[in-house]
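K.L.:
Before we start, here is the structure in question, set down as structure tokens.
The values are calculated or read from the model by the stated rules, or taken from the named source; none is laboratory data. This is a predicted model, so every value here is computed, not measured. In this analysis, Cβ positions are derived from the backbone assuming ideal geometry, glycine residues included, and neighbour counts consider all displayed protein chains.
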């Protein structure tokens, strides 16, 4: 049997799709040490540069001394600590809702929420480029799944019209993780209101980055009241780990009783909760971080476009550079590392065939000199 696994890996290698773990040294920062060289980090989701912030480390240490390093059990057994409840209320306020529930990861939040909200006899309407966790949540729900072409509101309207069901759920990323473009939330909320559908919005790549208070794209566009279920992560712009669902109390109560990825898992470690609380303090008092990451990303995007790279239009810290061929994307990644820039190649099945790319991401802590260094490295390609 082990030989069969080796054969599987050999086929992955032959297809140019082999993946491996590449250790970096030290904390996640604008520059890291990898493979014996110091390189500019341009492939992190640490959009606001908070993962290595001393205030988060200090908060985690304080909470660890008070509460210990583990919650000891699932929330429904004995692990529901006062700091969990306090953080949930703060996250609910951030998302303009009246309830929230913590999950160990964004993947578990999407799996748990979708499978709890809908099931057999219901229908889900999912954007074709939604994250893998949404896709898997749809599959596990046992509801009928209708996939509409990326951002195609005409197709979504037709599916909503022609697919009757007990409950209907439109689910989409707000900022798409591989392309960096945005869901047409005004149109989605209007269709949901007209058809009585619920809307579930995954704000993993928008929470902390967009909106007047960092609440996400729904806040930035003023459509948060049209969203039934908000999902956000704590491990990207907030620099920590974990995730949450924010919604009306009835939805949260349903998740506590039905979401298997919440019920049957140990609660978030107390030090992580303390660090997230500190991150939210910084998000609130330093709005310039949101402005800076968008400015730096726009500068990098313009520089790459001027050199003729295929960079899809977008606004935000995710700047995809399309290579097309997987081998070309890997070659670009290696060449950039030789010029002290660390960017990972993204290949199928994470992205569609023929769209392999470098997924370049910018942090608020990147300086103008860092961006200039990146542009110079890309020019060498």
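K.L.:
Looking at 278, 297, 302 in this structure, which one is part of a helix (DSSP H, G or I), at pLDDT 95 or above and assigned by TED's automatic domain parsing to the domain that holds residue 69?
P.N.:
Testing whether each residue is part of a helix (DSSP H, G or I), at pLDDT 95 or above and assigned by TED's automatic domain parsing to the domain that holds residue 69 leaves just 278.
K.L.:
I'd like the full set of residues that are surrounded by fewer than 23 Cβ atoms within 10 Å (Cβ to Cβ) and either in a strand (DSSP E or B) or under 17 Å from the mean Cα position of the chain (by Cα) (or both), limited to the stretch 101-125.
P.N.:
Those that are surrounded by fewer than 23 Cβ atoms within 10 Å (Cβ to Cβ) and either in a strand (DSSP E or B) or under 17 Å from the mean Cα position of the chain (by Cα) (or both): 104, 105, 107, 108, 123.
K.L.:
Within the stretch 216-234, can you find the residues that are assigned to a loop (DSSP other than H, G, I, E, B), touching a helix residue (DSSP H, G or I) at 6+ places or on another chain (Cβ under 6 Å) and surrounded by fewer than 24 Cβ atoms within 10 Å (Cβ to Cβ)?
P.N.:
Going residue by residue through the stretch 216-234, those that are assigned to a loop (DSSP other than H, G, I, E, B) are 216, 222-223, 227-228, 234.
Add one more test, that the residue is touching a helix residue (DSSP H, G or I) at 6+ places or on another chain (Cβ under 6 Å), and what stays is 223, 227, 234.
Passing the criteria: only 223.
K.L.:
Another one. Pick out the one residue from 204, 237 that is touching a helix residue (DSSP H, G or I) at 6+ places or on another chain (Cβ under 7 Å), touching a residue at least 60 places away in the same chain (Cβ under 8 Å), surrounded by 21 or more Cβ atoms within 10 Å (Cβ to Cβ) and not in a helix (DSSP H, G or I).
P.N.:
Just a single option satisfies the conditions, and that option is 204.
K.L.:
Shifting gears a bit: One residue is enough: does the stretch 103-113 have a residue meeting the conditions in contact (Cβ under 8 Å) with a residue 12 or more places away in the chain, under 19 Å from residue 277 (Cα atoms), out of contact with any helix residue (DSSP H, G or I) (no Cβ under 8 Å at 6 or more places or on another chain) and assigned by TED's automatic domain parsing to the domain that holds residue 63?
P.N.:
yes
K.L.:
Taking residue 155 as the residue in question, decide whether it is surrounded by 20 or more Cβ atoms within 10 Å (Cβ to Cβ) and either in the same structural domain as residue 83 (by TED's automatic domain parsing) or outside any loop (DSSP other than H, G, I, E, B) (or both).
P.N.:
Values: surrounded by 20 or more Cβ atoms within 10 Å (Cβ to Cβ): no; either in the same structural domain as residue 83 (by TED's automatic domain parsing) or outside any loop (DSSP other than H, G, I, E, B) (or both): yes.
Here the answer is no, as residue 155 does not meet what is asked.
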